[in-house]
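Notes to accompany the following structure.
Throughout, read-outs are computed from the coordinates displayed, never taken from laboratory work. All figures in this text were calculated on a predicted structure; none of them were measured in a lab. In this analysis, Cβ positions are derived from the backbone assuming ideal geometry, glycine residues included, and neighbour counts consider all displayed protein chains.
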Number of protein chains: 2
Amino acid sequence: MAITIAASSETDYVEGMPRKTDARARAIATAQRLFRIQGYTATGLTQIIEESGAPKGSFYFHFPRGKAQLAEEAIDHYVAGRIAVLRNISANTAGDALNFVQQVFGTFAAEMVASDFQYGCLMQNLANELPALDAELTERVARGFVDSTEIITEHFRGCGFTPARASSTAAALVAALEGARTIARLERTPAIFEALAEVSVQRWAVAER
Amino acid sequence: MAITIAASSETDYVEGMPRKTDARARAIATAQRLFRIQGYTATGLTQIIEESGAPKGSFYFHFPRGKAQLAEEAIDHYVAGRIAVLRNISANTAGDALNFVQQVFGTFAAEMVASDFQYGCLMQNLANELPALDAELTERVARGFVDSTEIITEHFRGCGFTPARASSTAAALVAALEGARTIARLERTPAIFEALAEVSVQRWAVAER
DNA sequence: CTCTTTCTATGGTGATTGCCATAGTATGGC
DNA sequence: GCCATACTATGGCAATCACCATAGAAAGAG
C-alpha cells in the first residue's frame, strides 16, 4: 500500500485521503535546490516541473497559490533542516563554545564543498529579492534567522556567557555564516570558513585563558 | 556648453565626441539602485529605462551588449564607491584596528538606515544569481570582494598584525558585513551591526590589553 | 456497482522578458 | 552646404513568464 511520507506541511489539507504520489514532495525539493542555486525570480515554474519530473498538469492542484506557496513550503523545509543541524552540533558540544563554533563552520564548509559551491542559503537568496515576496513569505524568512539565532544563543548561555553576550555573539556568528556562503561561492574555496575559524580561535584562546 | 561628466567607464568608446546627454549615466545609476533592491533577474530593462527617464529608443546604442554590460558598469561604480569609503575610513583610523572596525560597522549601518533598509549589497545580490551571469560579470563581482578585503588587510597590517592574522581578520570582517546586510534588511534594524561592534570590542579589549 | 477524492493532460490566456532592425533627428566640425 | 557622429522613435521579434479552465483518468470506500 506504499505509505507516502510527504509531510504535507501545515498549509491546506487538514484531512482527506493520504497522498498517492510523491510529485508534490519532489517539486518542493527541486524548488529548494533551484532557488538556492539561481534565486527565486530567476527560477521558472517550467524548470522546476521539468527537473522534478512532476506532471505538468497538476501543479496548481498541489499548489493552489502557485509559486509563492511553493516557496513557502521550500523554506519551511530548509529552515527545519538548518535548525536540526544546529541542534545536533549544539548537543555534541554542550558547554564548549569554541568547539561548537568550529563544528558549525566545518559543517557549513563541508556542505558547500559537497555541492561544488553551487548552493547558496535559501533564506539569504529570498532576502535579496524582498520586493518579489509577499508578506507571508517574508515573515517566514525572517523567522528562519530568528530561530537559528535563538538556538545558538541558547548554546552560548549554556557555556556560561551572560545573556547579552550570548545573544550578540550568536547574532555575529549567524551574520558571518551568511556572508561566508556568498564569498565561498565566488572563490570556490572553503578558505573563508577557515579564516573565520582562525579568528574565533584567537578570540577565545585569549579571552578565556 | 554644459560639460557632461559621464565617466564612460573603460569599456567601449576609446575616443569620439564627448557625451551629449546624461541618459547613459542615469541608466547605470538606476540599474545599480534597482539591482540592489530587487536583484538582477527581477529587474527588467523596461523598469530601468522608465525610472531613469532615459529614452527607450537608444538603450542598445549606449549599451550594445545589453543588460550584461549595464550590470558590469553598475558594479564597477559600486565597487569603486565601496573602496573609496573603506580607504577613507582606513586613513582616518590609521594604526587603530578597533576604531577602524567600529567606523566600518557604523558607516554600513548608517547607509542601511538611510535607505530605510531597502538596499542590499550589489556584489552579494549578483553572487546569489551566478548562473544568470556571464564569466566577465562573475569575475568583476569576485574582484570586488578581493579588492575590499585587500584594503582591510592592509589596514590591519598597519596596526601591527602579522600578515596571516591581518588577512584572516579582514576576510572575517568582510563576511560579517555581508551577512549583516542581509539580516538588517529583514529586521529593519541596525541591531546586527551593533552586535558585531560589541563582539569586536570584547575581542580587542581582551586581546590587546 | 457508484461515488468521492486524488491526480493528470491538454491547450490556452495575456503580459512581460531581453533584444534588435530600420529609420530619422540633432549637432558640431570643416 | 556637407558629412560624420551622437542620439532617439517606432515597431516588432521569438521566447518565457505565472496562471488557469476544462476535461478526464485512477483508485479506494461504501
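Springs between Cα atoms under 10 Å define the GNM used for chain B, and in it the highest mean-square fluctuation of B:Gly39, B:Gly53, B:Gly179 occurs at B:Gly53.
Sequence-distant contacts, meaning Cα pairs under 8 Å at least 6 residues apart, place the relative contact order of chain A at 22 percent. For the protein assembly as shown, the Kirkwood estimate of the hydrodynamic radius, built from every pair of different alpha carbons, is 22.9 Å. Computed over chain B with a Gaussian network model linking Cα atoms closer than 10 Å, the most mobile of B:Ala94, B:Ala197, B:Ala25 is B:Ala94.
Rounded to whole Å, the principal axis extents of the Cα atoms in the stretch A:56-135 read 50, 26, 24, largest first. In terms of its Cα atoms, the stretch A:83-209 spans 48, 32, 22 Å along the principal axes, sorted from long to short.
Treating the beta-carbon of each Lys and Arg as +1 and of each Asp and Glu as -1, no other charges, what is the dipole magnitude of the protein assembly as shown about its Cα centre, to the nearest 20 debye? Could the numbers behind the result be given before it?
On the way: 40 positive and 48 negative charges, 7 e Å.
So the dipole magnitude of the protein assembly as shown works out to roughly 40 debye.
Sorted ascending by nearby beta carbons within 10 Å, beginning with the fewest, B:Ile83, A:Ile37 become B:Ile83, A:Ile37.
For chain B, give the magnitude of the charge dipole about the Cα centre (Cβ charges: +1 Lys/Arg, -1 Asp/Glu; no others), in debye to the nearest 20. Don't jump to the answer; show the numbers that get you there.
Working: 20 positive and 24 negative charges, 38 e Å.
Using Cβ point charges on Lys, Arg, Asp and Glu, chain B gives about 180 debye.
Relative to one another, the C-alpha centroids of the stretch A:148-165 and the stretch B:57-75 are positioned 48 Å apart.
To the nearest 500 deg cm²/dmol, what mean residue ellipticity at 222 nm is calculated for chain A from DSSP H runs of n ≥ 4 alone, each contributing -39,500 (n - 2.57), summed and divided by the residues? Intermediate results must be reported in sequence, preceding the final value.
On the way: 9 runs with 143 residues, N = 209.
Dividing the helical sum by the residues of chain A leaves -22500 deg cm²/dmol.
Residue exposure proxy: A:Asp134, B:Asp76, ordered by other Cβ atoms within 10 angstrom of their Cβ from fewest to most, comes out as A:Asp134, B:Asp76.
Let me confirm the definition first: pairs of Lys residues in the protein assembly as shown, 8 or more apart or on different chains, C-alpha distance under 21 Å. How many are there? Mind showing how you got there, number by number?
On the way: A:Lys20/A:Lys56; A:Lys56/A:Lys67; B:Lys20/B:Lys56; B:Lys56/B:Lys67.
Within the protein assembly as shown, the lysine pair count is 4.
With N the number of residues in the stretch B:36-91, Rg(Cα) / (2.2 N^0.38 Å) evaluates to 1.39.
Could you please rank A:Thr93, B:Thr107, placing first whichever residue has the fewest other Cβ atoms within 10 Å of its Cβ?
Values: A:Thr93 19, B:Thr107 15.
Starting with the residue having the fewest Cβ neighbours, the order is B:Thr107, A:Thr93.
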